[in-house]
Structure formats: structure tokens, C-alpha cells
Amino acid sequence: MPRSEAKSIFDLIKPLALSIDSKLFVEIMGSYRRGKLDCGDIDILITRPTNDDQTHSGILARLLPILHKEGIITEDLAIPENFAELECVYRGLCRLPREDSRRRRIDFLTVPWASRGAALLYYTGDDIFNRAMRLKANKMGYSLNQRGLFSGIVRDLKDSRIKTNEGTLVASETEQEIFRILDVPWQEPHERVRG
């Protein structure tokens, strides 16, 4: 889809989310954040600072019915089992609310505030850039995923997919923090294109 269409859809969604809670952090990710002219889908990250003891728990349960009513979301493809979780993924189809609009894929990702930097990094991509960052982390004895940069993860000797120790969180709040610890020069999202 054209970048302009992704922006138009996001520009409809963001104020609706903020009308539920003005302290939400709502950011468009993926190829849009990397500055691409064409986007395969729309990825939206939602989180919230917790300095007032509030969270974004349940935000998708409140936002999605509004988006359906407004004609922005047309179909649900994958709904979280528990909307109260701080980390949820929703997948659906959306469109601009007019008759001639094509349906487009949309993903909403909610993460804890403390994981926002790692989530921004992971969901901005691109895939090759992410693999390079994870490889760099592994070579330095860390593990990097959408939740953060961890040290001391221990894996099962027979099946390396199984973690026997989750490790210690080293960094997750900002992208810059993760770049710095991995000794990677800062790159703006539009510079993270490898493929």
C-alpha cells in the first residue's frame, strides 16, 4: 500500500486511541517507520508510561470496538486470548472508511513501557538488520528480542530452543541504549534497510 494510505489510516487510529487514554504512546512501525514509499501492512505499537501507576492493560479491548464501529477495522484475523495482558498482538484487516478503499493488513502490538525501546527496534526492522543486531548480541554473550537485551540466558544442552534460565535484562527502554551496549553506531530507522 502507498505510504500515504498507511499514514491516513494511522492518523485516524491514533486520536481514537488517545481519546481513551491521552498518555498512551502510539507509534507506527515497520516499513513505514523506515521511510519506505510502499508498506506491506501497518504495524502499530501501543504502550503507556507507568509513572502514575496506570498501565495500558485492556486498551485493545476498548479500542478495537471503536475501530470496528468507525469502519476502520473490517475483520479480525487473530485476537489476543487475554486483553488484560500488557503484551498482546492483534492482527486484522483495515481500510479507510470509504467505499472504494482496499482492505489492508494491520497489526497492533502492546508492550510494557519498560520494553518500548526493544519493541521499537524489533518491529521497525528490517529483517536483515534485526538478524545482524541479534548476531552481534549473541557474539557478545547477550540475547536480543522484542522484550529486551538479556545476559546470562542458559539453554538446554539437548534442545537449544528451550531456556533453562531466562537471564538478566540489560537494556530495553530505548533503542539508543541497546545500540550503545552492543557498540553499534546509532542508525535512524530509515538507515536500517539491509534487504
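Round to the nearest 10 and give me the degree value, 0 to 90, for the angle of helix 127-139's Cα axis relative to the longest principal axis of the chain.
Result, in degrees: 20.
Looking at the chain only, what percent of DSSP beta bridges run antiparallel? Nearest 5 please. The partial results should precede the final answer.
Details: 25 of 30 bridges.
Expressed as a percentage, antiparallel bridges in the chain total about 85.
Can you give me the long-range amide H partners of Ala171? Hydrogens built in the peptide plane at 1.01 Å from N, cutoff under 5 Å, separation of 5 or more residues or another chain.
Hits under the 5 Å cutoff: Leu149.
Please give the peptides 56-63, 129-136 ranked by average Cβ packing (other Cβ atoms within 10 Å per residue), highest first, as a rough proxy for protection.
Values: 56-63: 19.8, 129-136: 16.0.
Answer by packing, highest mean first, reads 56-63, 129-136.
Return P(r) of the range 112-195 (all Cα-Cα pairs; 10 Å bins starting at 0; whole %; ordered from short to long distances).
The calculated distribution, bin by bin, is 19, 52, 25, 5.
Expressed as a rounded percentage, what relative contact order does the chain have, with Cα pairs under 8 Å and six or more residues apart? Could you put the intermediate results ahead of the total?
Values: 359 pairs, mean separation 35.5, N = 195.
Dividing the mean separation by the residue count of the chain yields 18 percent.
For a protection proxy built on the mean count of beta-carbon atoms within 10 angstrom, sort 21-30, 70-79 highest first, please.
Details: 21-30: 17.5, 70-79: 14.5.
In decreasing order of mean packing, 21-30, 70-79 become 21-30, 70-79.
With bins 10 Å wide starting at 0, give me the P(r) of the range 30-109 over every alpha carbon pair, in whole percents.
In whole percents, the pair-distance histogram is 17, 44, 31, 7, 0.
Between 0 and 90 degrees, rounded to the nearest ten: what's the tilt of helix 3-20 against the longest Cα principal axis of the chain?
Orientation of helix 3-20: about 90 degrees from the principal axis.
Gap in Å between the Cα centre of the range 108-168 and the Cα centre of the range 21-40?
21
More than 29 Å apart: what percent of Cα pairs in the range 1-159 qualify? Before the final figure, lay out the partial values.
Working: 2919 of 12561 pairs.
So the pairs more than 29 Å apart make up 23 percent of the total in the range 1-159.
For a quick protection proxy, order the peptides 109-119, 83-93, 181-191 by their average other-Cβ count within 10 Å, most packed first.
Details: 109-119: 21.4, 83-93: 16.8, 181-191: 12.5.
Highest-to-lowest ranking by the protection proxy: 109-119, 83-93, 181-191.
Here, each number is a calculation from the coordinates, and none is a lab measurement. This one's a predicted model, so the numbers in the text were calculated from it and none came from an experiment. Cβ: placed from backbone, ideal geometry, glycine included. Neighbour counts: every protein chain shown.
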